[in-house]
Amino acid sequence: AAARASTARTTGTDPATAPASWEPRPSFTATRLILVRHGETEYTEQRRYSGRGDVPLSARGRAQIRATAARVAALAPSAAAVVSSPLSRCTTTAEAIAEALGGLPVRREDDLIECDFGAWEGRTFAEVRERWAGEMDAWLASTRVAPPDGESFTEVAERARRAITALLDAYRGETVVVVSHVSPIKLVLRDALAAGDAFLHRLFLDAAGVSVVDMWPDGGVAVRSVNDTAHLTDA
């Protein structure tokens with residue numbers, strides 16, 4: 001019941017009663033979300049927990065976002081808005097995309113910020129496992145558990161849903177580019193697919209990867225693509 005309720009807050013419909021049909025829906029009646037993870041940073045390359053720390057893009061990350069901007073412009077040439085987490089690794093990514101879309105302004109949305117990893121910020125998985133083994137086991141077992149001095153995925157999901165609901169209300173029937181981080185994007189995709197929490201540990205999202213989700217006013221959802229990275233071949 002809790003899982004159904006969480007999805008209802010994102011899509012406006014309980015998945016148990018959501019419209020079910022094999023008939024293709026017209027995409028022009030949906031709000032299309034182009035979900036983009038920011039480009040690489042040094043923390044990404046070193047596999048460190050990267051939450052609220054404002055780590056800038058690396059040289060590779062800057063190359064990635066140029067390729068991503070061209071990809072998004074091809075996917076959504078008439079996008080209505082570009083919305084971004086306030087951290088610079090996202091705003092820099094969003095600005096490159098906005099420029100490729102003809103100079104759209106970038107709207108910052110605090111609810112799209114990455115999970116607060118608290119005491120684990122900047123540390124590798126091995127470092128956290130060595131010092132906080134019990135806390136890590138509890139965190140991996142439940143989305144309601146937060147890292148020490150940090151934020152749980154349940155809390156991240158609540159604000160991610162709030163951000164998506166606001167975008168669906170503001171841009172009905174239009175395309176919106178959403179530039180964010182691993183945790184918020186995974187949680188949006190989890191809800192869109194009516195998946196369980198294990199989904200969060202089984203889905204890998206690359207830096208500068210692109211996912212596309214259509215959402216209709218009656219609660220219908222179509223996940224068009226997940227973690228598209230074909231544009232990163234040369235980057």
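The values are calculated or read from the model by the stated rules, or taken from the named source; none is laboratory data. Remember, predicted model here, so these are calculated numbers, not experimental data. Every residue, glycine as well, gets a Cβ built from its backbone with ideal geometry; the counts of neighbours run over all protein chains shown.
Here are some residues: Ala96, Ala70. Which one is of a type in the set (A, V, I, L, M) and touching a residue at least 60 places away in the same chain (Cβ under 8 Å)? Lay out the reasoning, then the answer.
Values: Ala96 fails: touching a residue at least 60 places away in the same chain (Cβ under 8 Å).
Answer to the selection: Ala70.
Any idea how many residues of the stretch 47-57 are modelled with pLDDT of 95 or more and either touching a strand residue (DSSP E or B) at 6+ places or on another chain (Cβ under 7 Å) or crowded, with 20+ Cβ neighbours inside 10 Å (or both)?
7
Given the options Arg60, Arg32, Arg37, Arg71, name the one that is crowded, with 20+ Cβ neighbours inside 10 Å, more than 19 Å from Glu109 (Cβ to Cβ), among the basic types (Lys, Arg) and at pLDDT 95 or above.
Result: Arg71 is the single residue among Arg60, Arg32, Arg37, Arg71 that is crowded, with 20+ Cβ neighbours inside 10 Å, more than 19 Å from Glu109 (Cβ to Cβ), among the basic types (Lys, Arg) and at pLDDT 95 or above.
So, Pro184, is that one under 11 Å from the mean Cα position of the chain (by Cα) and touching a residue at least 12 places away in the same chain (Cβ under 8 Å) or not?
For Pro184, the condition - under 11 Å from the mean Cα position of the chain (by Cα) and touching a residue at least 12 places away in the same chain (Cβ under 8 Å) - is met.
Right, Asp169: acidic (Asp, Glu), touching a Gly at 6+ places or on another chain (Cβ under 9 Å), more than 21 Å from Ala195 (Cβ to Cβ) and exposed (fewer than 14 other Cβ atoms within 10 Å of the Cβ) or not?
Working: acidic (Asp, Glu): yes; touching a Gly at 6+ places or on another chain (Cβ under 9 Å): no; more than 21 Å from Ala195 (Cβ to Cβ): yes; exposed (fewer than 14 other Cβ atoms within 10 Å of the Cβ): yes.
For Asp169, the condition - acidic (Asp, Glu), touching a Gly at 6+ places or on another chain (Cβ under 9 Å), more than 21 Å from Ala195 (Cβ to Cβ) and exposed (fewer than 14 other Cβ atoms within 10 Å of the Cβ) - is not met.
For Arg202, indicate whether it is under 29 Å from Tyr43 (Cα atoms), buried (at least 21 other Cβ atoms within 10 Å of the Cβ) and charged (D, E, K, R). Give the steps one after another, and end with the answer.
Numbers: under 29 Å from Tyr43 (Cα atoms): yes; buried (at least 21 other Cβ atoms within 10 Å of the Cβ): no; charged (D, E, K, R): yes.
So Arg202 fails the test.
For the stretch 124-146: of the residues being touching a helix residue (DSSP H, G or I) at 6+ places or on another chain (Cβ under 8 Å) and touching a residue at least 60 places away in the same chain (Cβ under 8 Å), which is surrounded by the fewest Cβ atoms within 10 Å (Cβ to Cβ)?
Leu140
With within 14 Å of the chain's Cα centre (by Cα), on the phi < 0 side of the Ramachandran plot and charged (D, E, K, R) as the only criterion, which of Asp206, Asp169 stands out?
The match here is Asp206.
Results for (1) among the charged types (D, E, K, R); (2) part of a helix (DSSP H, G or I); (3) at pLDDT 95 or above; (4) within 18 Å of Ala94 (Cβ to Cβ), shown as yes or no for each residue.
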| residue | (1), (2), (3), (4) |
| --- | --- |
| Gly173 | no, no, yes, no |
| Val178 | no, no, yes, yes |
| Ser183 | no, yes, yes, yes |
| Lys186 | yes, yes, yes, no |
| Phe204 | no, no, yes, no |
| Asp214 | yes, no, yes, no |
| Pro217 | no, no, no, no |
| Ser225 | no, no, yes, no |
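Going through the stretch 117-160 one residue at a time, which ones are in a helix (DSSP H, G or I), over 24 Å from Glu42 (Cβ atoms) and of a type in the set (Lys, Arg)?
Arg159
If Thr7 satisfies every condition in (1) under 22 Å from Leu200 (Cβ atoms); (2) modelled with pLDDT of 95 or more; (3) buried (at least 18 other Cβ atoms within 10 Å of the Cβ) but one, which is the exception?
(2)
Can you tell which of Asp191, Asp197, Asp206 is under 20 Å from Leu87 (Cα atoms) and charged (D, E, K, R)?
Values: Asp191 fails: under 20 Å from Leu87 (Cα atoms); Asp197 fails: under 20 Å from Leu87 (Cα atoms).
After ruling out the rest, the residue left standing is Asp206.
Exactly one of these conditions fails for Ile164: (1) of a type in the set (Val, Ile, Thr); (2) closer than 27 Å to Gln46 by Cβ; (3) in contact (Cβ under 8 Å) with a residue 12 or more places away in the chain; (4) out of contact with any Pro (no Cβ under 7 Å at 6 or more places or on another chain). Give me its number.
Result: Ile164 passes all but (2).
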